[in-house]
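Everything on this sheet refers to the single structure shown next.
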Amino acid sequence: MAKQRRQRESAAVRDAHIEGIIESVRQARNFDFRNYKRATLTRRIERRMSDRRCNTVAEYQALLEREPAEYDALLGALLIKVTSFFRDEELWDRLAQKIIPQVLSEKRGGEEIRVWSAGCATGEEAYTLGLLFAEAMGASFNTADIKVFGTDLDEKAVAYARHGVYTPQQVEGVPKRLLEAHFDAESGRFAVKKEIRRAVVFGVHNLVSDAPISRLDLLVCRNVFIYLNNSLQKRVLTRFHYALRRHGVMVLGKSELIPFASKIFEPVDVGRRIYRKNGRRDAALSQVRLINLLEQETANRAEPLEMTPTEQFHSDLVQAMDVPVVATALDGTVLSWNAAAVALWGRPHNEVLGKKLTALGLPGLSGEILIERTAMVREGRSPHERATSAMARSGNPPLQLAVTVLPLRSGGEQDIQGLVYVAQDVTAVYDLQTELTKVNAERQNAFEELQTVNEELQSSNEELETTNEELQSANEELQTTNEELQSTNEELETTNEELQSTNAELDATNRELASRTDEMNQLTFLQRTIIRSLSSAVVVLDQKGRITLWNLGAERLLGVSEQEAVGQNFWTLHLPGLARSFLARLRKAVTQNQAIRGEEVDYELTNGARGTATVAAVPVVDDGTAMGLVILFDDTTRLRSLTSELGKLKSKNHGARPEEN
C-alpha cells in the first residue's frame, strides 16, 4: 500500500513538473500549449529528456532554466512537421476531381478565390493546393485573383516554405508531369516556379489565439486537431466555420474524426474528412454566434510603466485624435488604444492592452487586414496598406471602415518597431458612392432604353411598309395558286382514271401469277417426289458446294440423312461410304467444269456391307458460268454380283460339255 502511494505521489509530482514546463514555454517563447493533449506533450518532452540524458522531469525543468537555448529544441520537438507533397493520394484525387472543380464552378468571372492551408509546416501542402488549382484553371490561373494562404506556428518552418526550394526526396510524391511543368531544377534541388509562388502566401499564425483568415472557399487543416483537447478542437472549428464563405469546404486529417465537426458542418465525405459549411442556415445569426465563440482567454498583463513627459504627450496626442488609432508591437501585442477606438468597439483599455490584436476578434478588422496587409507592411514590402470592410451593428446599417496599416519607426531609425492601425468611418462616402453609382446606372439605363425605343419605332415603321408590300404580293400569289390548283385538280382526275385502269391490269396479272405459282408448286412437288423415289442416289450442289437436294437413295448409299446433309458443304461433309481420294478427284474435275460419266467407285455402308456404284457428275452451266453440280450414284453391286454368277455358270457349263462327249 505504501509503495502504491509513493507511485501516485511520484506521478502527481511528475505531472506538476510537466505543467511547469508548459508554463515556462508560454512565458519564454509565447507558445501556449495549455490546451494540447497531455499524453502527446509528455511523449515529446520525454524524448528531449532522453536526448539530454535527464532521468526526471524536474531535472529537465532545471536544465531549461540553466540553458534557455533548449527552449528552441523543445519547441522543435513539440511542433513536429510531418508533411509531403500529395500526402494521402486518394484525398488529393478527390479534391482535384470533385471539390476544386465545384469551387471554380460557383465563381463568377474575375471573382476572388481564397484557400487556406492551416498548419502547413514547410509548405508542401500549400504548394500542392496551388498545383491543383493551376491544373484545374489552365492558362487563366496566371491572371486569376487567387490566393493560397499557408500558415504555421513555427517561424522557421514558414521561412523555409517561403523559399519554395525542396530536395529530390521531398518532391518524390509530385507526379512527373507536374514536376516538369511547375518546378525548376537548381543545383540538385527543385524550386517552385514563380507562377505558383505568386499565388501562395505564407505567414506565422496561431489557430488558437489569432483571428482566422476570412472569406475562404477551401480550408485544409490536417493532422493538427490530434494534438488538441476537445474544448480547443471545438474553439478552432468554430473559428473555421466563421472563416469559410457560404458553402465553403473544410478538409481535416484522415485520423481526425471529430463529432462536433458534423454538428456545425455538413458532411460531404466523412471517410476522407471533407465537410461543407451549411449555407442554408441564417448567415447573420450564425456569424454572431461564432464570433462570440472566438473570445480569448484572459492574458496575463505586466504592471503599467511610468511614462516620461514626452511619452505622456505622445499618448495624450493619440488619445485626442477623433479617429480610432491602435498601435501594436511587431508580434501583434496591443500597446496603444485611444478613446476613439474605445467608442467604436466598446472595449476599454484594460481589456485590450497587452493582448494580441488578432485575438480580440474586432469586427471590421478582417483576417485579410490582420494577416495579409499587416505582413506586407511588417516585412517592408509596402509603405502602407489600406483595406475597406464592413462592421455589423445591431439594429443599424453596417458601418463601412477604411483601415490603414502603417509602420511605426523610432526616431530616424529605418527598422520597423511596430504597427499602427488607423480606422476611418467612410460610411457617408460609401453611401454617396453607392448612390452616385446607382444614379449613373439608372441614367445610363434610361438613355439606353430611349435609344432602344427609337430604334424599335423606326424598325416597326419599316416592318409595316414591308408587310403591306408582302400582303399585295401574297394576294397575287394566291390568285395564281388558285388557278394552279384548278389545273392540278383536272390532272388528278385524269391520273385517277389511269390508276383505276392500271389497278385492273395488276389484278389480272396477280391472278395469272397465282395460277402459275400453283402450277410451279405442283411441278416442284412432282419433281421432288420423282427424284426421292429413284433408286439411284441424287445429290444437287449450288455454286458454293452447298447441298440443295439429297434423296433417299443418297441417304441409303452414303449413310447421311437428308436433314444432316441439306445446307452443308459437300466437300467438307463426312461421308463414311466414300473414299476421300475419290472426293478430291471429283472436286478437281468439277472446278475445271469437266463432267464425269460412268466412273465406277467402291463404297461401304454403315452396317459394314460393301458395294460398287457408277458415278456421273454433270456441272450445271449457264452462259459459261457454273451454277452448281448434279451427282448421280447408280448402285451396280447387284448387277455386278449377277454378272459374276452368270460368268461362273457359263464356265461351269463349258466345263461339263467335254465330259459328255
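Can you give me the accessible area per residue for the chain, using a 1.4 Å probe, in Å²? For the chain, the per-residue accessible area is 60 Å².
When the trypsin sites (Lys or Arg not before Pro) in the stretch 454-560 are filtered for DSSP coil states and for at most 16 other beta-carbon atoms within 10 Å of their beta-carbon, the remaining sites are LYS544. Cα gyration tensor of the stretch 131-289, axes a ≥ b ≥ c as square roots of the eigenvalues: rounded (a/c below 1.5), prolate (a/b > b/c) or oblate? Prolate is the answer for the stretch 131-289, as a/c is 1.5 or above and a/b outweighs b/c.
Qualifying trypsin sites (Lys or Arg not before Pro) in the stretch 355-464, where qualification requires a DSSP coil assignment and no more than 15 other C-beta atoms within 10 Å, comprise ARG381. Cross-link pairs exceeding 25 Å in C-alpha to C-alpha distance, out of LYS98/LYS254; LYS254/LYS355; LYS147/LYS438, comprise LYS254/LYS355; LYS147/LYS438. Here the accessible area is traced with a 1.4 Å probe on the protein chains. For the stretch 167-211, carbon and sulfur cover 51 percent of it. A probe of 1.4 angstrom, applied to the heavy atoms of all protein chains, finds PHE525 with accessible area near 150 square angstrom. Quick check on the stretch 314-355: take the gyration tensor over C-alpha atoms, sort the square-rooted eigenvalues as a ≥ b ≥ c, and tell me if it's rounded (a/c under 1.5), prolate or oblate. Judged from the Cα gyration tensor, the stretch 314-355 comes out oblate (a/c at least 1.5, b/c at or above a/b). Charged side chains reduced to their Cβ positions (Lys and Arg at +1, Asp and Glu at -1) give the stretch 553-661 a dipole of some 420 debye around its Cα centre.
Phi angles across the stretch 379-394 convert, under the Karplus curve 6.51 cos²θ - 1.76 cosθ + 1.60 with θ = phi - 60°, into 3J(HN,Hα) values of 8, x, 7, 8, x, 6, 10, 9, 9, 10, 8, 9, 10, 5, 10, 5 Hz, Gly and Pro given as x. For LYS648, no lysines have a Cα falling under 22 Å of its own Cα, not counting residues fewer than eight places away in the same chain.
How about the stretch 337-416: which GluC sites (Glu not before Pro) there lie in a loop by DSSP and see at most 14 other Cβ atoms within 10 Å? Within the stretch 337-416, the qualifying GluC sites (Glu not before Pro) (loop, at most 14 other Cβ atoms within 10 Å) are GLU379, GLU413. Mean sequence separation of contacting Cα pairs (under 8 Å, at least six apart), scaled by the length of the chain, corresponds to a relative contact order of 6 percent.
Among VAL621, VAL403, VAL422, the order of accessible area from largest down is VAL621, VAL422, VAL403, computed with a 1.4 Å probe on protein heavy atoms.
Farthest toward the positive end of the dipole of the chain, out of ALA589, HIS182, GLY624, is the Cα of HIS182, where the dipole comes from beta carbon charges about the Cα centre. Given a cut-off of 22 Å, name the pairs among LYS107/LYS234; LYS544/LYS588; LYS107/LYS277 whose C-alpha atoms lie farther apart than that in the structure shown. Beyond 22 Å: LYS107/LYS234. The phi-based Karplus calculation (6.51 cos²θ - 1.76 cosθ + 1.60; θ = phi - 60°) puts the 3J(HN,Hα) values of the stretch 597-602 at 10, x, 7, 9, 10, 8 Hz, whole numbers, x for Gly and Pro. Considering only ALA96, GLY123, SER501, whose Cα is most displaced toward the positive end of the charge dipole of the chain, charges sitting on Cβ of Lys, Arg (+1) and Asp, Glu (-1)? Working it through, the farthest residue towards the positive pole turns out to be GLY123. Scanning residues 5 or more positions from VAL621 or on other chains, those with amide H under 5 Å from its amide H are MET627, with H placed 1.01 Å from N in the peptide plane.
With all protein chains in place and a 1.4 Å probe, the accessible surface of the stretch 483-618 carries 50 percent carbon and sulfur. In the stretch 337-424, a dipole from Cβ-located charges (positive for Lys and Arg, negative for Asp and Glu) runs towards its positive end, and of ALA343, ILE371, ALA359 it is ALA343 whose Cα lies farthest in that direction. Remark on GLN400: its backbone amide H falls under 5 Å from those of MET391, VAL426, THR427, a criterion applied only to residues 5 or more positions apart or on other chains, H modelled at 1.01 Å from N. Note on the stretch 116-166: with charges restricted to the Cβ of Lys and Arg (+1) and Asp and Glu (-1), its dipole about the Cα centre is near 120 debye.
Eigenvalues of the alpha-carbon gyration tensor of the stretch 476-537, scaled by 5 and square-rooted, set the equivalent ellipsoid semi-axes at 57, 11, 4 angstrom, largest first.
Evaluating 6.51 cos²θ - 1.76 cosθ + 1.60 at θ = phi - 60° for every residue in the stretch 164-170, the Karplus couplings come out as x, 10, 9, 7, x, 5, 6 Hz, glycine and proline recorded as x. Helical runs assigned H by DSSP (4 residues or longer) give the chain a calculated mean residue ellipticity at 222 nm of -16000 deg cm²/dmol, each run adding -39500 (n - 2.57) before division by the residue total.
The share of accessible area on the stretch 328-461 that comes from carbon and sulfur is 54 percent, using a 1.4 angstrom probe. Can you grab the distance from the C-alpha centre of the stretch 412-473 to the C-alpha centre of the stretch 206-246, Å, no decimals? Rounded to whole Å, the Cα centres lie 41 Å apart. For the stretch 507-578, a/c is not less than 1.5, where a ≥ b ≥ c are the root eigenvalues of the C-alpha gyration tensor, and a/b tops b/c. That puts it in the prolate class.
Calculated from the structure at hand, Rg/Rh (Cα atoms, Kirkwood Rh) is found among [x] 1.05; [y] 1.14; [z] 1.43 as [z].
Backbone amide hydrogens, once placed in the peptide plane, bring GLY418 within less than 5 Å of LEU408, excluding anything fewer than 5 places away on its chain.
The values are calculated or read from the model by the stated rules, or taken from the named source; none is laboratory data. Since we're looking at a predicted model, the values are computed, not measured. Virtual Cβ from ideal backbone geometry, glycine too; neighbours counted across all protein chains shown. Just the protein is used for accessible areas: all its heavy atoms, side chains included, with ligands, DNA and RNA removed. Shrake-Rupley method; radii C 1.70, N 1.55, O 1.52, S 1.80 Å.
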